[in-house]
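The structure under discussion appears below in the form of structure tokens.
The numbers here are math on the coordinates, done by the rules we state, and not lab data. What you see is a predicted model, and the numbers here were worked out from it, not measured in a lab. When we count neighbours, we look across all protein chains shown, and the Cβ atoms used for this are built from the backbone with ideal geometry, even at glycine.
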């Protein structure tokens, strides 16, 4: 079942689109916090986004640009401002298609189905883990902090993956070493300490000094 995020502040339109998508077997979710659209995107992890241009606080162009920093998920703009300039702007900001309001729901559904076929017949969705303001892309092993996209070593990626999959929980050193063994690297207690230290330094250099917390005698954790 494909998940579709609807960023539309007109309650009537959002409800009509959501009901139609449910009837067609999709799993829709309408954004409720328009100050934090990216947070809702990362927590829901949709396969497609329907994005209005005229939104409260920040417009759809802003949120499309933010989504594009971390994901290639298809974005269809929906807007009543369907002049050529806005259509070109939407495409330049990373949009994949544009549909003008008012629209026929059957036309919208046809566009969604075509976009999903084109995208997921040939590529898988991007998986994002979020914790403490950091976004970990598990497809390309990169970490995004603000406007910075960091490359990670195999061990750094695996450590963050385990901690961020279990954010808010304490993960023992033994558990981390077991997961790191899966990378075919030789990992002992001292090697884990070295990897954690290097990773902490990298995170601190990019504004996250306390991202990985030590729980004495227990292990490590990152907070939500």
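Could the peptides 146-156, 33-43, 88-98 be put in order, highest first, of the mean number of other beta-carbon atoms found within 10 Å of their residues?
On the way: 146-156: 14.5, 33-43: 16.1, 88-98: 17.8.
Going from most to least packed, we get 88-98, 33-43, 146-156.
Quickly estimate the mean residue ellipticity at 222 nm for the chain, helices only: each DSSP H run with n ≥ 4 gives -39500 (n - 2.57), and the total goes over all residues, rounded to 500. Let's see the in-between values first.
On the way: 8 runs with 95 residues, N = 224.
Computed ellipticity for the chain at 222 nm equals -13000 deg cm²/dmol.
Rounded to the nearest 10 degrees, the angle from helix 11-23 to the longest Cα principal axis of the chain is 80 degrees.
Using Cα pairs under 8 angstrom and six or more residues apart, how large is the relative contact order of the chain, in percent? Show your work: numbers first, answer last.
Numbers: 326 pairs, mean separation 29.7, N = 224.
This gives 13 percent for the chain.
Please report the relative contact order for the stretch 3-120, taking Cα pairs under 8 Å with a sequence separation of at least 6, and give it as a percent rounded to a whole number. Spell out each step's value before the answer.
On the way: 165 pairs, mean separation 26.8, N = 118.
Computed over the stretch 3-120, the figure is 23 percent.
Restricting to the chain, what percent of DSSP beta bridges are antiparallel, rounded to 5? Write down the numbers at each step before the final one.
Values: 16 of 32 bridges.
Within the chain, antiparallel bridges account for around 50 percent of the total.
Can you tell me the orientation of helix 189-205 relative to the chain, as the angle in degrees between its alpha-carbon axis and the longest Cα principal axis, to the nearest 10? Tilt relative to the chain: about 50 degrees.
Against the chain, whose longest principal axis is taken from its Cα atoms, helix 105-120 shows a tilt of about 30°.
Work out how much length residue 214 to residue 188 would gain on full extension: take 0.36 nm times their residue separation and subtract the Cα-Cα distance, in nm to one decimal.
Numbers: separation 26, 0.36 × 26 = 9.36 nm, distance 1.78 nm.
Full-extension gain reported as 7.6 nm.
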